[in-house]
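Read through the structure below, which is laid out as structure tokens, and then see the notes.
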Amino acid sequence: MAEYKHSFVNVTVLGRMNPQILTHDWLVKSKIITWRDFVTRDKTKAPFSTYFNTPPMTQLAYGPLVFTVEENKFVLLDSKAGIGKTKIYRMAQQYFKLLSHTPLTKVGFNVQGALTFKNPKEMKAFDSKYVNCGEALQQIAIGKGERISFAVSTKEGKAVYRLTCTKHPEEPKAILGGNCEFDIKDSTGLLEILSDSGKYVEELGQQQREMAKI
């Protein structure tokens, strides 16, 4: 069986945001982050690893934990903790409880991982099962089409699920992306979905792990 490795998970919220709200002091004061999230406890050094601020965007990173706020988008990403262990769902809940009047339109959960094939036989079996149809598309591609990609969308209840796969025909690796998206009208709807976030992202992760079973 191919080896599956988790890369990152994030929460993305679309609406009308104020990037200038995002500061280290505000996150601490609002109890969205604690000293455990700091990259260092040395008071002579910055407790964050990256801080970038312009009028249309602010990004604040604590190692693998990255907050990005644009004028129409909020993204909170964790590239270290596993799907069930990350704190980003709780953090996003606290963030929008405090900013409850923010106009919102969508919320999505994204999970990315990669499959690594142990031998050529596994890789050929994966190609045969999932991506061989891409060979026909390569023949009509403009320029040099080196990567094969496909996406599958399904709808279940209020959620729209998407699975994407990108693979070079000769590389023993496939990049997988899972997305679960909901339409929302306000923070009440957002907080309701965030309270069940573990269920949705686990379904996305399970979908990707199933692809390792060739």
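The values are calculated or read from the model by the stated rules, or taken from the named source; none is laboratory data. Please read these numbers as outputs of a predicted model, since none were measured by experiment. FYI the Cβ positions are ideal-geometry reconstructions off the backbone, even for glycines, and counts take in every protein chain you see.
Assorted remarks:
- In the set (1) assigned to a strand (DSSP E or B); (2) free of Cβ contacts under 8 Å to residues at least 40 places away in the same chain; (3) among the β-branched types (Val, Ile, Thr), residue 9 fails one condition alone, (2).
- Within the range 113-131, the residues that satisfy the criterion of being crowded, with 21+ Cβ neighbours inside 10 Å and outside any helix (DSSP H, G or I) are 113, 115, 117.
- Number of the condition not met by residue 166 [criteria: (1) free of Cβ contacts under 8 Å to residues at least 40 places away in the same chain; (2) within 17 Å of the chain's Cα centre (by Cα); (3) surrounded by fewer than 15 Cβ atoms within 10 Å (Cβ to Cβ)]: (3)
- Index of the failed condition, residue 82 passing every other in (1) modelled with pLDDT of 95 or more; (2) within 29 Å of residue 214 (Cβ to Cβ): (1)
- The single condition among (1) out of contact with any strand residue (DSSP E or B) (no Cβ under 9 Å at 6 or more places or on another chain); (2) within 16 Å of residue 154 (Cβ to Cβ); (3) touching a residue at least 60 places away in the same chain (Cβ under 8 Å) that residue 210 does not meet is (3).
- Checking each residue in the range 6-60 for being closer than 23 Å to residue 191 by Cα, of a type in the set (A, V, I, L, M) and in contact with a strand residue (DSSP E or B) (Cβ under 9 Å, 6 or more places away or on another chain) picks out 9, 11, 13, 14, 17, 21, 22, 27, 32, 33, 60.
- Scope the range 28-82; condition hydroxyl-bearing (Ser, Thr, Tyr) and in contact (Cβ under 8 Å) with a residue 60 or more places away in the chain; matching residues: 30, 79
- Any hit, the range 106-122, residues being at pLDDT below 90, closer than 20 Å to residue 178 by Cα and either in contact with a helix residue (DSSP H, G or I) (Cβ under 7 Å, 6 or more places away or on another chain) or not acidic (Asp, Glu) (or both): no
- Sole exception among (1) touching an Asp or Glu at 6+ places or on another chain (Cβ under 6 Å); (2) surrounded by fewer than 17 Cβ atoms within 10 Å (Cβ to Cβ) for residue 81, by number: (1)
- Residue match in the range 181-197 (condition: over 17 Å from residue 14 (Cβ atoms) and of a type in the set (Val, Ile, Thr)): no
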